[in-house]
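Asker: Got a structure here, written out as structure tokens. Questions coming.
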Amino acid sequence: MLQWLNRPIGFTEELSGKSFSPSRANYYTGPPGKPIQLLVQARKDFLSIWRASDYKEKVSEIRVLGRQIVIVNSPEPIRHVVVKRHENFQRKTPQMRRALEFLLGDGLFISDGDTWKQRRPLVTDIVHAKRVPSFGPIMERTSVELVERWKRIPEGTPINALHEMAGLTAEIIARSVFGNDLGDDSAAAVTEGFTSYQALVDSINIGYFLGFDEGLPIFRTPTLRRSVKRIHRIIDKVVEDHLSGRGDHNSMVELLVRRQMKSPELKLDVVALRNEAATIFMAGHETTASTLTWAWYLLSRAQWVEEALHAEIGRVCGSRIPTIDDVPQLELCKAVIEETLRLYPPVPILARQTRDAEMIGDVAAERGSLVLIVPWLLHRTGSLFERPHHFRPERFMGGRRPKPYSYIPFASGPRVCPGLHFGLTEAVLCLAIIAQQFRVVVASTHKVEPVCRLTLRPKGGLPITLEKRNGAPRADR
Ligand code: HEM
């Protein structure tokens, strides 16, 4: 392995040109002092608004229609915001709250204050690292099902990796949250409902910029209402089944219900239980799907890493299918996922609204202003990462770790992603199970364009073809 580490590794991503090399022209190069253009541009694509000078360690501010937006791109001020002064910066932005409240109610992802404080330990406990092994068999079985389906696809047939990974991770999280009794039709309806919901909501709350501190509710079109009603109906039925003693005992909903029964003072009614189940489902699948999709893209462009990855899987698992017990030994697989999360953080912007006025670095943040921590910028800042636009998984190997608060794909502090271990384990395991059987090929002429909605994804998905690996073990157990 060390021999491999000494090889010159890393490639300059020539692909989207969005922000890969500071000399490129694809940075926002419009005239300064026209922030309204930025707002329009950000609404279309949040990643295209950054200038080359934004990829620096600093705290800066801009004003849009009188609103202050503070951008925090330096480890110590980030620590200040997410840890030291968490209470003042824990609130999500009006955009985020308004976009998701119709679907998630007061679910953890968008709550703050007492509701967040009360629910956070509950959700953390349910998806905690110590529980992850119990979901291993679901991750393994679902990945093997995908591998078996892929084997029936004639070699060279184009498929969409984003779509495939979204299906895989949605199935894993649906089985983990709702149990095995959900049924194919309901599982598909929930997944489709979430996808169409996200496509329908806007990425900027214009109401906030027009003077409403709390933003304005999103326009609830008949399609949106229908989609939400359907999701709620299905989840409510699962929760009610569990409350009356029916339902899969190994699921996260069961754990939520048991916690409520043990501690009735939590006062989690059907709606609260549904909100938390929906939150875990939403937070837990698109992020991992995006990670895996970008990992296939990066591996396809760095064959020397791909080969080393195949060798590692062979060495650790031999002719067995990888299992959750192998994950700690799959050091390179994990490093590939961590480096992917650096270059393409699925949540590329962490956005907050200040409760009270407070200094962040040299910038006086006003009450009610927006504070943005942008992992997309931070992870590609030259003073924090050597050759920041290069794919170099070895940054995460042999005990090497980035400087604290310079690498935050799962956020940090009290609001850190509670599903961190679940998501990392799932991504490593799915990667290993699939890579053991297939090479995922992205045409060398294909140019990816990262776009940001709620998560960071390649625009239009990622077209791939599959090559069966010679000598790969059979995936049927
Ligand atoms: C690679 C996979 C994942 C990534 C990169 C990721 C990233 C994140 C980030 C950055 C946040 C904070 C967002 C913010 O503060 O604005 C977050 C929150 C959250 N994540 Fe994840 N996540 C992943 C997987 C998961 C999984 C698998 C689950 C559940 C099983 C999950 C559950 C949650 C929940 C419930 C929150 C809200 C926590 C709170 O606000 O207190 N995530 N995630």
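Asker: Which of the residues belonging to the range 92-134 are under 22 Å from R225 (Cα atoms), in contact with a helix residue (DSSP H, G or I) (Cβ under 6 Å, 6 or more places away or on another chain) and small (G, A, S)?
Answerer: Correct list: G105, G107.
Asker: Hey, another quick one. Which residues, taken from the range 149-168, are touching a Lys or Arg at 6+ places or on another chain (Cβ under 9 Å) and in a loop (DSSP other than H, G, I, E, B)?
Answerer: Of everything in the range 149-168, just one residue is touching a Lys or Arg at 6+ places or on another chain (Cβ under 9 Å) and in a loop (DSSP other than H, G, I, E, B), namely E155.
Asker: Can you name the residue in the range 423-473 that is in a strand (DSSP E or B) and of a type in the set (A, V, I, L, M) and, of all such residues, is nearest to I280 (Cα to Cα)?
Answerer: Filtering the range 423-473 for residues in a strand (DSSP E or B) gives 438-441, 450-452, 456-458, 463-468.
Keeping just the survivors that are of a type in the set (A, V, I, L, M) gives 440-441, 451, 456, 464, 466.
Numbers: V440: 29, V441: 32, V451: 23, L456: 18, I464: 29, L466: 31 Å.
Result: L456.
Asker: In addition: Please tell me if F422 is touching a residue at least 12 places away in the same chain (Cβ under 8 Å), within 16 Å of the ligand (Cβ to nearest atom) and among the aromatic types (F, W, Y).
Answerer: yes
Asker: Pairs please, first residue from the range 316-344 and closer than 21 Å to R141 by Cβ, second anywhere and part of a loop (DSSP other than H, G, I, E, B), Cβ atoms under 7 Å, 6+ apart in sequence or on different chains.
Answerer: Sorted first by the residue in the range 316-344, then by its partner, the pairs are V316/L330; S319/P473; R320/P473; I321/P473; I321/A475; I321/R477.
Asker: Same structure again: Any idea how many residues of the range 69-96 are part of a helix (DSSP H, G or I), more than 18 Å from I280 (Cβ to Cβ) and not aromatic (F, W, Y)?
Answerer: Going through the range 69-96 one residue at a time, the tally reaches 15.
Asker: Yes or no: the range 378-398 includes at least one residue that is within 18 Å of V59 (Cα to Cα) and crowded, with 23+ Cβ neighbours inside 10 Å.
Answerer: Scanning the range 378-398, I find at least one residue that is within 18 Å of V59 (Cα to Cα) and crowded, with 23+ Cβ neighbours inside 10 Å, so the answer is yes.
Asker: Please find, within the range 132-141, the residue that is surrounded by the most Cβ atoms within 10 Å (Cβ to Cβ) out of those that are more than 10 Å from the ligand (Cβ to nearest atom) and within 19 Å of A283 (Cα to Cα).
Answerer: By that ranking, first place goes to M139.
Asker: Sticking with this structure for a sec: Let me confirm something: among R380, R367, R355, which residue is touching a His at 6+ places or on another chain (Cβ under 7 Å), part of a loop (DSSP other than H, G, I, E, B) and more than 22 Å from T169 (Cβ to Cβ)? Step through it out loud before you land on a result.
Answerer: Values: R367 fails: touching a His at 6+ places or on another chain (Cβ under 7 Å); R355 fails: touching a His at 6+ places or on another chain (Cβ under 7 Å).
That would be R380, the only listed residue that is touching a His at 6+ places or on another chain (Cβ under 7 Å), part of a loop (DSSP other than H, G, I, E, B) and more than 22 Å from T169 (Cβ to Cβ).
Asker: Moving to a separate point now. I'd like to check something: does the range 91-106 contain any residue that is buried (at least 22 other Cβ atoms within 10 Å of the Cβ), of a type in the set (S, T, N, Q), farther than 29 Å from G382 by Cβ and within 14 Å of the ligand (Cβ to nearest atom)?
Answerer: Scanning the range 91-106 turns up at least one residue that is buried (at least 22 other Cβ atoms within 10 Å of the Cβ), of a type in the set (S, T, N, Q), farther than 29 Å from G382 by Cβ and within 14 Å of the ligand (Cβ to nearest atom).
Asker: Considering each of P375, P409 in turn, give the residue that is near the ligand (Cβ under 9 Å from one of its atoms), in contact with a Pro (Cβ under 8 Å, 6 or more places away or on another chain) and under 30 Å from F212 (Cα atoms).
Answerer: One residue alone meets the criteria, P375.
Asker: Any residue at all in the range 145-163 that's surrounded by 14 or more Cβ atoms within 10 Å (Cβ to Cβ) and within 12 Å of the ligand (Cβ to nearest atom)?
Answerer: Checked against the condition, which is being surrounded by 14 or more Cβ atoms within 10 Å (Cβ to Cβ) and within 12 Å of the ligand (Cβ to nearest atom), the range 145-163 yields no hits at all.
Asker: Can you pull out every residue in the range 361-400 that is under 21 Å from the mean Cα position of the chain (by Cα), closer than 21 Å to S412 by Cα and among the charged types (D, E, K, R)?
Answerer: R380, R395
Only the coordinates and a few stated rules stand behind these numbers; no lab work does. Computed from a prediction, not measured in an experiment: that's the story for all the values here. Neighbour counts are summed over all protein chains in view; Cβ atoms, including those assigned to glycine, are modelled from backbone coordinates with ideal geometry.
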